[in-house]
Amino acid sequence: MAETWLDFWQQENEFDDSMTANYNYFLARVEQYVPLSKTRRVLDIGSGPANLEDAWHDRVAEIDGIDISKRYNEIARAKHAAHPNVRFHDLDADDYLNFSVIDGKKFDVIIVMSVVQYYRNAAEVEQLLAQIKKVAAPGAKALICDLIVAEGMLGDIVSILGKSLRQGQLLMMLKLLFRLRFSSYYTIRKENGFLVIPEREWLAMCKRQGLNATFLPEPITMQEERKTLMIQF
Ligand SMILES: C[S@@+](CC[C@H](N)C(=O)[O-])C[C@H]1O[C@@H](n2cnc3c(N)ncnc32)[C@H](O)[C@@H]1O
């Protein structure tokens, strides 16, 4: 039985199939902020089952996905075995801020989607910002998406149900929430919670790291109270 978020992502879990609906919502909105082209090099931090790579592999120059879950990386590599411009790298779960797997590479687009809530604390997130700064090419854009900036599980649930209803996916979402209630996700969330970082703290961290960052004026993920931070290099 998983005890921490790091264990949770190594095991088969309820999100394996359901993440795609949320991702399609994001994909339909993200390009207005990050235009794509065949010359762009993309870094996907916390790439999971390769939703971004499935959609973008033939629209950009190359994509590197990095994730602590060897299980997701194996699924992702199998899906993209025929795409030499797509690579997945294992991050050490005990040392996940060590990005030596992509040493020396620079990226034009950096996406971090639904990942930092599983970090242990804000100091680690500030180290992530420093890592992003190191690998960003001049003119790059980074989007850190689906950020939880205020406490409240109920708000999260109400918002995702409302959006699912409007997207015609209410039944799918109700089924997922029911399965989650009786899964290790529920226990881990109760014991570990999510990392919540208020907007002002995000902006203060960016300022300390010398980053030019703003929050997008509208939600681009299904949970509309969650925020997306854009950093321009
Ligand atoms: C909710 S899934 C999102 C996956 C993908 N970004 C998407 O939206 O489809 C969270 C992902 O973050 C990964 N993850 C969790 N903690 C991480 C960390 N500290 N560093 C890198 N990846 C992490 C998990 O293994 C999982 O693949």
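Would you mind estimating how fast the stretch 90-160 diffuses translationally, via Stokes-Einstein at 4 °C and 1.567 mPa s with the Kirkwood radius over Cα pairs, in µm²/s?
Translational diffusion coefficient: 94 µm²/s.
Just going by the charge dipole of the stretch 99-158, with Lys and Arg at +1 and Asp and Glu at -1 on Cβ, which of 117, 130, 152 is farthest out on the positive end?
130
How far is it, in nm, from the label point at residue 208 to the one at residue 194 when both lie 7 Å from their Cα along the line to the Cβ?
Here the answer is 2.3 nm between the modelled labels.
To the nearest 10 square angstrom, how much accessible area does residue 86 have with a 1.4 angstrom probe?
Around 10 Å² of this residue is reachable by solvent.
Compute the relative contact order of the chain as a whole-number percentage, counting only Cα pairs closer than 8 Å that sit 6 or more residues apart in sequence.
The value is 22 percent.
Please give the charge dipole size of the chain, origin at the Cα centre, charges +1 on K and R Cβ atoms and -1 on D and E Cβ atoms. Round to the nearest 20 debye.
620 debye
With a 1.4 Å probe and every protein chain left in place, tell me how much accessible area residue 199 has, in Å² to the nearest 10.
The accessible area of residue 199 comes to roughly 70 Å².
Do any of 141/163; 133/207; 70/227; 38/227 go past 19 Å between their Cα atoms, and which? Please report the intermediate quantities before stating the final value.
Working: 141/163 27 Å; 133/207 12 Å; 70/227 28 Å; 38/227 28 Å.
Going by Cα-Cα distance, 141/163; 70/227; 38/227 fall outside the 19 Å limit.
Are there trypsin sites (Lys or Arg not before Pro) in the stretch 1-54 that DSSP marks as loop and that have at most 12 other Cβ atoms within 10 Å, and which are they?
38
Between residue 61 and residue 89, what is the label-point separation in nm under the 7 Å Cα-to-beta-carbon projection?
1.6 nm
Please give the FRET efficiency for residue 216 paired with residue 124, using the beta carbon to beta carbon distance and R0 = 25 Å, rounded to the nearest 0.05.
Efficiency, from the Cβ-Cβ distance: 0.60.
Between the alpha-carbon centers of the stretch 193-225 and the stretch 85-129, tell me the distance in whole angstrom.
The stretch 193-225 and the stretch 85-129 have Cα centres separated by 17 Å.
Considering only C-alpha atoms, what is the centroid distance from the stretch 1-59 to the stretch 153-179, in Å?
The stretch 1-59 and the stretch 153-179 have Cα centres spaced 19 Å from each other.
Determine the calculated [θ] at 222 nm for the chain from helices alone, applying -39500 (n - 2.57) to every DSSP H run no shorter than 4 residues and normalising by the residue count; nearest 500 deg cm²/dmol. Each step should come with its number before you reach the end.
Working: 9 runs with 97 residues, N = 233.
After summing the helix terms and dividing by the residues of the chain, the value is -12500 deg cm²/dmol.
Calculate, in nm to one decimal, what residue 157 and residue 137 gain on full extension: separation in residues at 0.36 nm each, minus their alpha carbon distance.
The span from residue 157 to residue 137 would gain 3.5 nm if fully extended.
Using the Kirkwood formula over every pair of different C-alpha atoms, what hydrodynamic radius in Å results for the stretch 1-107?
About 14.6 Å for the stretch 1-107.
Rank 8, 178, 15, 233 by accessible area, highest first, at a 1.4 Å probe radius?
From most exposed to least exposed: 178, 233, 15, 8.
Classify the stretch 87-233 as rounded, prolate or oblate, taking a ≥ b ≥ c as the square roots of the eigenvalues of its Cα gyration tensor: rounded when a/c is under 1.5, otherwise prolate if a/b is larger than b/c and oblate if not.
Because a/c hits 1.5 or more and a/b exceeds b/c, the stretch 87-233 counts as prolate.
Can you give me the solvent accessible area of residue 39 with a 1.4 Å probe, rounded to the nearest 10 Å²?
Accessible area of residue 39: about 110 Å².
Heavy atoms only, probe 1.4 angstrom, no DNA, RNA or ligands counted: give me 90, 67 ranked by accessible area, highest first.
My answer, sorted largest first, is 90, 67.
Sort 113, 172 by accessible area with a 1.4 Å probe, largest first.
Solvent-accessible surface, decreasing: 172, 113.
I'd like the FRET efficiency for residue 38 and residue 77, computed as 1/(1 + (r/R0)^6) with the beta carbon distance as r and R0 of 25 Å, rounded to 0.05.
Efficiency, from the Cβ-Cβ distance: 0.65.
The values are calculated or read from the model by the stated rules, or taken from the named source; none is laboratory data. Since we're looking at a predicted model, the values are computed, not measured. Here Cβ is always computed from backbone atoms with ideal geometry, including for glycine, and neighbour counts include all displayed protein chains. Heads up: the accessible areas ignore ligands, DNA and RNA and are worked out on the full protein's heavy atoms, side chains in. Shrake-Rupley method; radii C 1.70, N 1.55, O 1.52, S 1.80 Å.
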